[in-house]
Ligand SMILES: [Fe+2]
C-alpha cells in the first residue's frame with residue numbers, strides 16, 4: 001500500500017462517497033484502515049491498523065467516519081462492550097455527539113446510527129430472529145444471548161430467545177427465561193404484549209390452561225383492549241384459538257374480543273390479519289360480519305392489480321379464510337381439503353413460524369376430527385412429523401394420544 005495512492009478528500013468525492021473532513025491525511029488513513037480491515041492484513045509500511053488509527057485521529061480528531069471505523073472494529077470484534085468498557089461507551093457517545101453537531105452526509109449519518117444500535121445490542125436481536133426463522137436455533141440462541149449481554153433490555157433479543165424455546169418446545173427454560181427477564185422488557189410498547197403471548201404459549205404447550213388464561217387476562221388481552229393495536233389483536237385471537245382447539249371454553253373471551261375486531265372486518269390489509277380477525281368473529285358467533293371478511297377479500301382478489309395480498313388472495317388467502325369458516329361450522333373434512341393443499345404456501349402470508357403454527361394446528365385438529373379415513377391417516381402423519389421436528393413436545397404427545405383414542409389405532 002503506497003501512501004500516495006491512498007484516496008484523499010477529492011478522490012473519495014469523485015467516487016461518490018464524500019467524507020466530511022477537510023483533512024486529506026485523515027481521508028488517506030481512513031482508506032488505509034478500511035483496506036487493511038476488509039483484507040484482514042496489516043501493512044507494516046503504514047504501521048498496520050493501529051498505526052493508521054493513531055494517524056487518522058491525529059489528522060482530524062473530529063472526523064465522524066474515522067470514529068465509525070475505530071468504534072466499528074472494536075464493537076464487531078465482540079470482545080468488548082459499552083456495558084463493560086466505559087472508554088468504549090464514551091467513544092460511541094462522542095461519535096453520536098459529533099454526528100449531531102456536524103453537517104454530515106446521509107450515508108455517514110446512517111453509519112453512525114447503525115453502529116450506535118449495534119453497540120446497544122439491537123442488531124444482535126434482529127439477526128438472531130432471522131436465524132431462528134431459518135431454523136438455526138443454536139446460533140440464534142447464542143446471538144440473542146450476546147445481545148442480552150450488551151443490553152439486557154433489548155426486547156428483540158429477549159423475543160428471539162423466546163422463539164428459540166418455542167421452536168424447541170423447551171417450555172421449562174422458556175418459562176424460566178420469561179420470568180427472570182420480565183422486568184427488562186415489560187416496558188417495551190411494541191413487544192411486551194407479544195412477549196407475554198410467547199410466555200402463555202409455553203403454558204398452553206404444557207397443558208396448563210389456567211396459567212395461560214391468567215397471562216391472557218393480566219397481560220395479553222389487557223394490552224389488546226387498551227391499545228387495540230393490530231399485533232395485540234393478532235396475539236389475543238391466536239391465543240384464544242389455540243386454547244379453543246385444546247378444548248378450553250373461551251366463548252366469553254371471544255365475545256369481548258369481537259367488539260374490537262368487528263371494526264377491522266373490512267380492512268383487508270394483510271391476509272395474516274384477516275385470518276386472525278376471522279378466528280375471533282367466528283369464535284364470537286358473529287357469522288354475518290365474519291362472512292363479510294371473506295366476501296370482501298373475494299371481491300378484492302378478483303382485480304388484484306399491484307396489491308400482493310389480493311394477488312395471493314384467490315389461491316392462498318381465501319382457502320385459509322374458508323378453512324377457518326368450515327372449521328367453525330364443524331365441516332372438518334372440508335377444512336382439510338382447503339388447508340392441506342396450501343400448507344407449504346402459508347409462509348407467504350407473513351408472520352413468524354411460531355405465529356403460523358396456529359394453521360398447522362388447525363389442519364391437525366381438522367384432520368383428527370374428519371370422518372374421512374384418509375384425513376385421519378393424514379392427521380397421524382402430521383403429528384408424527386410434528387414430533388420429529390419438535391421433539392419432546394407435551395402438546396404433540398397429547399395430539400398423538402388423541403389420534404389413538406379417536407381413530408382406534410395403536
Ligand atoms: Fe414472536
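The figures follow:
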quantity	calculated
Expected 222 nm ellipticity per residue - DSSP helices of 4 or more, -39500 (n - 2.57), all of the chain, to 500	-22000 deg cm²/dmol
Rg/Rh ratio calculated on Cα atoms of the chain (Kirkwood radius)	1.10
37 °C / 0.692 mPa s Stokes-Einstein diffusion coefficient of the stretch 228-407, Kirkwood radius on C-alpha pairs, µm²/s	199
Extension gain, residue 397 back to residue 266 (0.36 nm per residue minus Cα-Cα distance, nm)	43.3 nm
Of 138, 371, 14, the one that fluctuates the most in a GNM where the chain has Cα springs shorter than 10 Å	14
Rounded FRET efficiency, nearest 0.05, which uses the C-beta distance separating residue 62 from residue 292 and R0 of 45 Å	0.15
Scattering curve values for the stretch 175-295, log₁₀ I(q)/I(0), Debye with Cα scatterers, q = 0.16 Å⁻¹	-0.72
R0 of 56 Å, Cβ-Cβ distance residue 14-residue 139: FRET efficiency to nearest 0.05	0.85
Cα centroid of the stretch 161-198 to Cα centroid of the stretch 1-25, whole Å	48
Rounded to 10°, Cα long-axis angle of helix 137-150 versus longest principal axis of the chain	50
Three-way shape call for the stretch 3-119 based on the alpha-carbon gyration tensor, with the a/c threshold at 1.5	oblate
Cα-only Debye scattering, the stretch 249-334: base-10 log of I(q)/I(0) at q = 0.17, 0.25 Å⁻¹	-0.63, -1.19
Spin-label model distance (nm) - residue 149 vs residue 113, 7 Å beyond Cα toward Cβ	2.9
0 to 90° range, to nearest 10: angle between helix 318-328 axis and the chain longest Cα axis	40
Relative contact order [Cα under 8 Å, 6+ residues apart], the stretch 3-119, whole percent	23
Most to least packed among 330-336, 363-369 [average Cβ atoms within 10 Å]	363-369, 330-336
Angle in degrees between helix 373-389 and the longest Cα principal axis of the chain, rounded to the nearest 10	30
Spin-label model distance (nm) - residue 184 vs residue 229, 7 Å beyond Cα toward Cβ	2.0
Potential lengthening between residue 4 and residue 256 on full extension [0.36 nm per residue; Cα-Cα distance subtracted]	83.4 nm
Residue among 40, 197, 185 with the largest mean-square fluctuation in a Gaussian network model of the chain, springs linking Cα atoms under 10 Å	40
Choice from 44, 18, 341 with maximal GNM fluctuation in the chain (Cα, 10 Å cutoff)	44
Residue exposure sequence - 321, 381, 224 - by fewest surrounding Cβ within 10 Å	381, 321, 224
C-alpha center-to-center spacing [the stretch 209-284, the stretch 318-377] in angstrom	19
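A short reminder: the numbers here are calculations on the coordinates, not readings from a lab. Please read all numbers here as calculations on a predicted model, not as lab measurements. All Cβ positions, even for glycine, are placed from backbone atoms using ideal geometry, and neighbour counts span all protein chains on display.
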